[in-house]
Amino acid sequence: MNKLYRMTNEEFEREKILYKYNDVKYIVMDGKGIDTYEQYFDKIWELFNFGEIPEGWKKDYYTEDDFLTEMDELTEQKYIFVIKNYDKFMVDNDAVKKRIENYYENYLLPFWDGEVERVVVGGKRKDFNIYLVSNE
């Protein structure tokens with residue numbers, strides 16, 4: 001089952017999660033210095049190595065969702081996405097931070113956990129776990 005984990009850096013290091021498995025695509029973002037949705041969006045694009053945004057599309061939640069739920073963009077079977085320094089992520093933008101967390105927990109993870117098989121022709125489930133790692 002795909003899951004969102006909240007843990008301290010110490011717990012994360014003790015569990016030795018990063019690069020534990022050879023068959024997992026690891027995406028690691030440093031949350032420090034990401035204070036706006038646009039900065040987050042740009043970083044997601046860079047780290048996931050997404051293609052060009054179609055003409056007329058915007059850097060918004062809809063575009064983010066389209067790409068994060070696109071089998072042609074996410075070609076691996078297993079993903080671990082880590083946001084380190086999560087306590088520094090969106091420090092002065094709590095509403096956006098909560099919206100991103102809500103998206104992960106209630107839309108993205110359930111989608112890859114099985115919904116994809118019901119709503120996408122030929123859709124296949126993927127392992128997709130997210131770790132929000134704070135220094136506190």
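The values are calculated or read from the model by the stated rules, or taken from the named source; none is laboratory data. Fair warning: this is a prediction, and the values are worked out from it, not measured in the lab. Virtual Cβ from ideal backbone geometry, glycine too; neighbours counted across all protein chains shown. These accessible areas exclude ligands, DNA and RNA; they are computed on the full protein's heavy atoms, side chains included. Shrake-Rupley method; radii C 1.70, N 1.55, O 1.52, S 1.80 Å.
Computed log10 I(q)/I(0) for region 16-77 at 0.18 Å⁻¹: -0.75, from the Debye equation with unit scatterers placed on every C-alpha and solvent omitted. Highest mean packing first, where packing is the average number of other Cβ atoms within 10 Å per residue, the peptides 69-75, 84-90 line up as 84-90, 69-75. For Lys124, the accessible surface of its heavy atoms amounts to roughly 120 Å² (probe 1.4 Å, protein chains only, rounded to the nearest 10). Using 1/(1 + (r/R0)^6) with R0 = 22 angstrom and r between the beta carbons of Leu4 and Ile53, what's the FRET efficiency to the nearest 0.05? FRET efficiency, Leu4 to Ile53: 0.30. Using only side-chain charges placed at the Cβ, +1 for Lys and Arg and -1 for Asp and Glu, the dipole size of the chain relative to its Cα centre rounds to 440 debye. More than 20 Å apart: what percent of Cα pairs in region 60-123 qualify? Cα-Cα pairs in region 60-123 separated by more than 20 Å: 34 percent. Carbon-plus-sulfur accessible fraction, region 1-62 (probe radius 1.4 Å, protein heavy atoms only): 47%. With the helix formula -39500 (n - 2.57) applied to DSSP H stretches of n ≥ 4, the chain reaches a computed 222 nm mean residue ellipticity of -8000 deg cm²/dmol. Heavy-atom accessible surface of the chain, averaged per residue, reaches 60 Å², computed with a 1.4 Å probe.
As a fraction of the 1.4 Å probe accessible area of region 93-132, surface on carbon and sulfur atoms comes out at 46 percent.
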